[in-house]
Protein chains: 2
Amino acid sequence: MAFTEKLRAAQTATGSLLCVGLDPDPARFPAKFSRARADDAVLAFNASIIDVTQDLACAYKLNLAFYEALGLQGWRALAETVRAIPDDRVVILDGKRGDIGNTALRYAEAAFERLGADACTVAPYMGRDAIRPFLQHTGRCAFVLVATSNESGADLQHIDVDGKPLFHRVAHLATEEALTQPGDVGFVVGATRPELLAELRNAYPDVPFLIPGVGAQGGDPRAVVAASGSGPTLVNSSRGILYASDGPDFANAARASAAALHEALGTPIV
Amino acid sequence: MAFTEKLRAAQTATGSLLCVGLDPDPARFPAKFSRARADDAVLAFNASIIDVTQDLACAYKLNLAFYEALGLQGWRALAETVRAIPDDRVVILDGKRGDIGNTALRYAEAAFERLGADACTVAPYMGRDAIRPFLQHTGRCAFVLVATSNESGADLQHIDVDGKPLFHRVAHLATEEALTQPGDVGFVVGATRPELLAELRNAYPDVPFLIPGVGAQGGDPRAVVAASGSGPTLVNSSRGILYASDGPDFANAARASAAALHEALGTPIV
């Protein structure tokens, strides 16, 4: 099954564009997790979040930095969290890897074979060589960083290249590379500039967009959907859901936050 | 101690510019490692390489993809390999991480605090936010990808920006950011285009350059040193040393290959 088919099925089953970001920070966990070992605490916290959001979310995105920062225990929790996500939801590993071909092959192997993810995020600074190995896996998707939502994203991404911002060049290279490969390509496009989202959607009507930056980073969910929703769209929120409350009601608060965002995003066009 | 001081001390002690890349691929290990579990095999192989090269190498670079591809056992082998490197050698984690500030903080924590590396490689596509957290650690160094040696490196890096290739913009942003931070910044510059190396060295006489691409990737060690050697320089070789032989003589062959490269690189200017 192609990645886009799995995504469509997950979005139809849940009626949702929402991707929940699992960025576990034990320092922000409710007190009940504080006596457990880090890996057990992370897995238990993530499992609670997955449990209360799975009817509202078509996908989960795991930010690898939060697991790496916990060392070996973090990597154990990462593998176990992937297994705790229902099979018919999309699993995205957000590691923004990007290296020369023989190394990128290993990163793709780690994400798709070792951890069994459906998709991962890829950094384009090293060019097409760095993207290609991620596209060689049938049924998987490489979400290439195109236009990110952080303040200094513009440092390189908005440099003028032949009258257009540089990120258009990245989008072009990535989709061109995907033409000759079995896997799907997607774009990471930040939520904070809906006009850029609309511009990219106009040029790439069928490319899946993974859109971080609503919630804690300030993007407006309705504006995001208006700009991108005519093509395959995933809108991610992490901190705004995970840490909606740090009290014993954290799971209910996370569910309420996810439900509000799900409501604001509306139903996918499928 | 500043990173550059540790580097200078390691280069003086060994009389060497050589960095040995530890990119363990169990499929290429000699037969004697084949019955061990992956983590034990990787650690034993790496320990053999470190043992026979430590008088010839001022630094070791661990390519994280090769450890990630082995899953949890790979992460265990990574942590143990770092511990097996002598304290007075420079340890570089080559993961090319790069993400928004709150995530990059975690990657820096993973590399410098959790794993105890002296330096790591950083990808610049997300701009200064992605670099800054790695520079906040006193005594550590962030080697930012500037001009890489792979074929498609030019896709973005050589785009013309105001009459110069884009990588000059990256070099400028990275060094400017480092001015206000306690850590050191370095550049990753590929060995395959010595004229670019010379151009960057001319503009940045004191920035440490980490130079991959000699050996398997075809860069000429003498040309590299001629171009960069007037400033702090580390020249990396991985496959050419690790897999010089896959027979029982692998350690001697690795040493011979490292010694030949050490000889070709000459003595550091300190």
Quiz prompt | Hits in segment A:19-41 (condition: farther than 30 Å from A:PRO268 by Cα, in contact with a helix residue (DSSP H, G or I) (Cβ under 7 Å, 6 or more places away or on another chain) and within 13 Å of another protein chain (Cβ to nearest Cβ)) | solution = A:ASP25, A:PRO26, A:ALA38, A:ASP39
Practice problem: Considering only segment A:77-113, state which residues are among the basic types (Lys, Arg) and in contact with a strand residue (DSSP E or B) (Cβ under 9 Å, 6 or more places away or on another chain). | Solution: A:ARG89, A:LYS96, A:ARG97, A:ARG106
Exercise. State which residue is nearest to the other protein chains (Cβ to nearest Cβ) when the search covers only segment A:57-69 and only residues that are of a type in the set (A, V, I, L, M) and in contact with a strand residue (DSSP E or B) (Cβ under 6 Å, 6 or more places away or on another chain).
Key: A:LEU64
Quiz prompt | Residues located in segment A:19-41, provided they are of a type outside the set (Asp, Glu) and in contact with a Ser or Thr (Cβ under 7 Å, 6 or more places away or on another chain) | solution = A:VAL20, A:GLY21, A:LEU22
Self-check item: Filter result for the condition that a residue is more than 10 Å from chain A (Cβ to nearest Cβ), of a type outside the set (Lys, Arg) and surrounded by fewer than 24 Cβ atoms within 10 Å (Cβ to Cβ), over B:HIS158, B:HIS168
Solution: B:HIS168
Self-check item: Count - residues of segment A:70-96 that are facing chain B (nearest Cβ under 7 Å) and buried (at least 23 other Cβ atoms within 10 Å of the Cβ)
Solution: 2
Quiz item: Restricting attention to segment B:207-228, does a residue exist that is more than 13 Å from every other protein chain (Cβ to nearest Cβ), within 23 Å of A:ASP160 (Cα to Cα) and buried (at least 20 other Cβ atoms within 10 Å of the Cβ)?
Solution: no
Practice problem: Check A:SER245 against each of (1) at pLDDT below 95; (2) touching a helix residue (DSSP H, G or I) at 6+ places or on another chain (Cβ under 7 Å); (3) not in a helix (DSSP H, G or I) and name the one condition it does not meet. | Solution: (1)
Quiz item: In this structure, does B:ILE131 turn out to be crowded, with 20+ Cβ neighbours inside 10 Å, at the interface with another protein chain (Cβ under 10 Å from one of its Cβ atoms) and in contact (Cβ under 8 Å) with a residue 12 or more places away in the chain?
Solution: yes
Exercise. Answer with yes or no whether B:PHE66 is aromatic (Phe, Trp, Tyr), farther than 25 Å from B:PRO194 by Cα, buried (at least 19 other Cβ atoms within 10 Å of the Cβ) and at pLDDT 95 or above.
Key: yes
Quiz item: Hey, does segment B:177-189 have a residue that's of a type in the set (D, E, K, R), under 22 Å from B:ALA2 (Cβ atoms) and either crowded, with 24+ Cβ neighbours inside 10 Å or over 19 Å from the mean Cα position of the chain (by Cα) (or both)?
Solution: yes
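The values are calculated or read from the model by the stated rules, or taken from the named source; none is laboratory data. Worth saying up front: this structure is predicted, and the values here are computed from it rather than measured. Heads up, the Cβs are rebuilt from the backbone with ideal geometry, glycines too, and the neighbour counts pull from every protein chain shown.
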